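The structure appears right after this line, and notes come after that.
The values are calculated or read from the model by the stated rules, or taken from the named source; none is laboratory data. All values derive from a computational prediction rather than experimental measurement. Neighbour counts run over all protein chains shown; Cβ positions are idealised from the backbone, glycine included. The accessibility values were calculated without ligands, DNA or RNA, using every heavy atom of the protein model including side chains. Shrake-Rupley method; radii C 1.70, N 1.55, O 1.52, S 1.80 Å.
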Amino acid sequence: MELTLDFKKKIATALIEARNNYGGSEAHFASTKGLSPAQYSRLKNGQIDQLLSPTAWIALARQLGVTLSKRTHKIVRTEVYNEIEESIKFCQEFHKSIILVDETGIGKTACAKHICSKLKNAFYIDCSQAKSRIQFMKLLARTLGIETALKSRGNRYIDIKENVKYTLANILQNPVIILDEAGDLDYASFLDIKELWNASEDACGWFMMGADGLRNKIETGMKYNRVGFAELFSRFSDEYISIIPTVEEDRKAFYNQMILDIVKANGDVAKAAQYARACVSKGKSLRHLDTLLKLDANG
């Protein structure tokens, strides 16, 4: 596969922008992106051509959200975006922890990723990609710039976890960890999150997101007195927050306004009301709206 120089420059620009939001060393930052310090230094200095393999460039593009697509979806400051941003910033500034449980298809993931890209030392973790405790810990470590290869006694799982705890508590300034799709994690991972929270108390913020599956996992764990769940829930403020109104009339009005705002920014303004009716009347989510916008863009 041959990638154009312009596409590589686009990736390099996104990489340098991401560095501005990472509070650790350049070596650690390079590690978060799978690069050596020498590779990052050369890339930063404009030495792009023949620096990396096509596979490495693609991996960078994936991590940084860089695409060749000419169709770009504009992130809109909906009420969902504003509420998530306010909560994440609160967790980061005051080293607190919050659990957001809300409906699927309202843009939680897109909002959280975009917010993380604008905040220093904010780290997004997609827990659906790392469900077991070892997968989760290694993903979190890589995201923080910590070596995870289990090559020697010095890189055992327990050592990786200790390095994560030390980094959160002592290396990074005001880090905040966003755990998306947290309901996908296994039981052992929740115990590890409690351990990480304990080790980084008053130094790190945590923001956990999910839908009903996350609530059910926590509630079931507490109902059957599984070790760690009651303590974890206590550390996450003993409550769930949500954004979508529960009263049906208010809920429809909320969705209607959110869809209007998104369509006006990303599609045909004249069709905004039409799209809003099409989604709200059928109880459809933003994923359905995205399909409508794509169909409209393709004629």
- Message: Whether any residue in segment 158-178 is charged (D, E, K, R), open to solvent by 10 Å² or more (accessible area, probe 1.4 Å), in a loop (DSSP other than H, G, I, E, B) and more than 22 Å from residue 227 (Cβ to Cβ) is what I want to check.
- Response: no
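Could you say which residue among 90, 123, 136 is of a type in the set (Phe, Trp, Tyr), open to solvent by 30 Å² or more (accessible area, probe 1.4 Å) and outside any loop (DSSP other than H, G, I, E, B)?
Numbers: 123 fails: open to solvent by 30 Å² or more (accessible area, probe 1.4 Å); 136 fails: open to solvent by 30 Å² or more (accessible area, probe 1.4 Å).
The conditions single out 90.
Only residues that are open to solvent by 10 Å² or more (accessible area, probe 1.4 Å) and of a type in the set (A, V, I, L, M): list them for segment 184-225, please. Write out each step before concluding.
First pass over segment 184-225, keeping only residues open to solvent by 10 Å² or more (accessible area, probe 1.4 Å): 184, 186-188, 191, 194-195, 197-199, 201-203, 211-213, 215-217, 219-220, 222-225.
Those that are open to solvent by 10 Å² or more (accessible area, probe 1.4 Å) and of a type in the set (A, V, I, L, M): 188, 191, 199, 203, 211, 222.
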- Note on the structure: Of the candidates 113, 118, the one satisfying the condition of being open to solvent by 10 Å² or more (accessible area, probe 1.4 Å) and under 22 Å from residue 244 (Cα atoms) is 113
- Contact list, first residue from segment 45-58 and farther than 12 Å from residue 35 by Cα, second anywhere and surrounded by 15 or more Cβ atoms within 10 Å (Cβ to Cβ) and modelled with pLDDT of 85 or more, beta-carbon distance below 7 Å, six or more apart or interchain, is 48/8; 48/12
- Run residue 34 past the list (1) under 30 Å from residue 287 (Cα atoms); (2) part of a loop (DSSP other than H, G, I, E, B) and report the number of the one that doesn't hold. (1)
- Task: For residues that are assigned to a helix (DSSP H, G or I), closer than 21 Å to residue 122 by Cβ and of a type in the set (Ser, Thr, Tyr), tally how many sit in segment 179-223.
- Result: 1
- Note on the structure: Flagged pairs (Cβ under 9 angstrom, 6 or more apart or on separate chains; first in segment 72-84, under 12 Å from residue 263 (Cβ atoms); second open to solvent by less than 30 Å² (accessible area, probe 1.4 Å) and part of a loop (DSSP other than H, G, I, E, B)) are 76/107; 78/106; 78/107
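In segment 38-60, is there at least one residue being exposed (fewer than 13 other Cβ atoms within 10 Å of the Cβ), out of contact with any strand residue (DSSP E or B) (no Cβ under 8 Å at 6 or more places or on another chain), under 30 Å from residue 166 (Cβ atoms) and not hydrophobic (A, V, I, L, M, F, W, C)? Walk me through how you get there before you give the answer.
At the first step, the residues of segment 38-60 found to be exposed (fewer than 13 other Cβ atoms within 10 Å of the Cβ) are 38, 45-47, 49-50, 53-55.
The next check asks that each one be out of contact with any strand residue (DSSP E or B) (no Cβ under 8 Å at 6 or more places or on another chain); those that pass are 38, 45-47, 49-50, 53-55.
Restricting the remaining residues to those that are under 30 Å from residue 166 (Cβ atoms) gives 38.
With not hydrophobic (A, V, I, L, M, F, W, C) added as a condition, the list becomes none.
Within segment 38-60, none of the residues are exposed (fewer than 13 other Cβ atoms within 10 Å of the Cβ), out of contact with any strand residue (DSSP E or B) (no Cβ under 8 Å at 6 or more places or on another chain), under 30 Å from residue 166 (Cβ atoms) and not hydrophobic (A, V, I, L, M, F, W, C).
Within segment 243-299, which helices (runs of 4 or more DSSP H) (wholly inside it) include 3 or more residues that are open to solvent by 60 Å² or more (accessible area, probe 1.4 Å) and at pLDDT below 85? Walk me through how you get there before you give the answer.
Working: elements: 248-266, 272-280, 286-297.
Counting at least 3 such residues, we get 286-297.
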